[in-house]
Amino acid sequence: MEHIILTTDEQSGVAELTVNRPQALNALNLTVLEELEQAVQVVAADAAVKVLIVTGSGDKAFVAGADIRQMQAMDSCQGHQFARRGQQVLGRLSALGKPVIAAVNGFALGGGLELALACDFIYAAATARLGFPEVGLGIIPGFGGTQKLARLIGVARARELVFSAAMIDAEQALAWGIVNKVCPADELLPAVRQLAGRIAANSSLAVGYAKDAINNGLEMDSDNGLRYEAALFGVLFSSADQKEGMSAFSEKRQACFCGR
Ligand code: CO8
């Protein structure tokens with residue numbers, strides 16, 4: 001792949017996907033989107049990967065948006081197709097049956113913030129800047145931003161951020177609940193790797209089911225969400241990981257999960 005670097009630490013079970021187009025602040029063009037989709041497929045198929053970290057190369061940007069130069073020449077039909085393609089690829093990332101953590105190491109703007117929002121949660125460097133500049137370009141967020149942000153932080157704050165095209169800093173993003181934690185820039189990746197390793201040490205089957213219960217349960221009404229949770233809970237009692245986790249507790253030893 002030209003613009004995506006994918007590495008896996010087999011020992012910890014943590015993979016890192018880096019958008020690597022630093023000359024354009026890692027902006028998402030069609031090639032990057034295609035490669036992102038390819039990388040998600042690789043991660044989905046690799047049983048050794050338990051957790052995925054998504055970040056950007058360099059110390060300036062996570063991803064500074066969709067590629068404005070590529071969008072400049074688009075007509076209405078191409079704009080629509082580009083937005084749908086972006087939504088499809090980010091949807092595949094969101095639907096990955098493994099936890100995905102965004103390590104936002106700099107600018108996360110427009111499509112870049114949408115990429116971060118497609119992850120399960122975000123850790124950010126203190127130097128990060130987040131926002132949706134689209135209305136200042138005569139467009140709107142088109143890779144799911146209007147929908148995802150409003151659901152995450154509430155409609156009033158989402159409206160303020162989208163209508164103003166303002167960039168907010170990491171502390172403001174933390175206060176608004178867009179990011180889970182702010183770290184000094186040089187401590188961001190170590191902190192995310194440590195957390196990812198901790199998640200990867202749990203039953204990957206149970207973690208995947210927990211992600212499924214949260215993501216799909218949230219699309220249901222509360223009663224059906226609870227029924228869905230209970231159904232997944234019950235299924236886990238047929239797994240080797242449930243037997244191992246509970247035996248290890250009783251025997252006062254560390255559990256050794258196989259993910260089945
Ligand atoms: N697209 C293409 N190139 C970019 C982008 C981008 N989004 N962002 C930065 N670059 C390029 C610059 O053009 C520049 O290239 P060059 O050196 O060849 O001139 C290089 O990256 C470095 O950038 P700057 O010199 O501008 O760096 P600064 O530190 O001065 O500024 C900023 C950094 C503030 C991040 C600035 O680059 C900027 O404002 N970038 C654009 C941010 C933006 O508006 N992003 C949103 C884009 S729209 C979008 O994401 C819509 C998503 C949904 C699509 C729906 C489909 C239709």
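Computed from the coordinates by the stated procedures, all read-outs in this text should not be read as laboratory data. It should be emphasised that the depicted structure is a prediction, and the values quoted were computed from it without experimental measurement. Neighbour counts run over all protein chains shown; Cβ positions are idealised from the backbone, glycine included.
To the nearest 10 degrees, how steeply does helix 240-250 sit against the main Cα axis of the chain, on a 0 to 90 scale?
60
Please turn the phi angles of the range 82-95 into ³J(HN,Hα) values with the Karplus equation 6.51 cos²θ - 1.76 cosθ + 1.60 (θ = phi - 60°), one per residue in order, whole Hz, x for glycine and proline.
5, 4, 5, 5, x, 4, 5, 5, 5, x, 5, 5, 4, 7
Between G259, G110, G245, whose Cα lies farthest towards the positive end of the dipole of the chain when Lys and Arg beta carbons carry +1 and Asp and Glu beta carbons carry -1, centred on the Cα centre?
G245
Please check: in the Gaussian network model of the chain (C-alpha springs, under 10 Å), which one of F233, F143, F249 has the largest mean-square fluctuation.
Of the options given, F249 has the highest mean-square fluctuation.
Counting pairwise Cα distances across the chain, what percent come out greater than 25 angstrom?
I get 46 percent for the Cα pairs in the chain exceeding 25 Å.
Which of A200, A61, A231 moves the most in a Gaussian network model of the chain with Cα springs under 10 Å?
Ranking A200, A61, A231 by mean-square fluctuation puts A231 first.
From the backbone phi of the range 223-232, what are the Karplus-calculated ³J(HN,Hα) couplings (6.51 cos²θ - 1.76 cosθ + 1.60, θ = phi - 60°) in whole Hz, Gly and Pro given as x?
Whole-Hz 3J(HN,Hα) from phi for the range 223-232: 5, 5, x, 5, 4, 5, 4, 5, 5, 5.
For the chain, how many pairs of lysine residues have a Cα-Cα distance under 15 Å, where the two are 8 or more positions apart or belong to different chains?
Qualifying lysine pairs in the chain: 4.
Which length gain, in nm to one decimal place, applies between D212 and Q194 when the Cα-Cα distance is subtracted from 0.36 nm times their residue separation?
My answer for the length gained is 4.2 nm.
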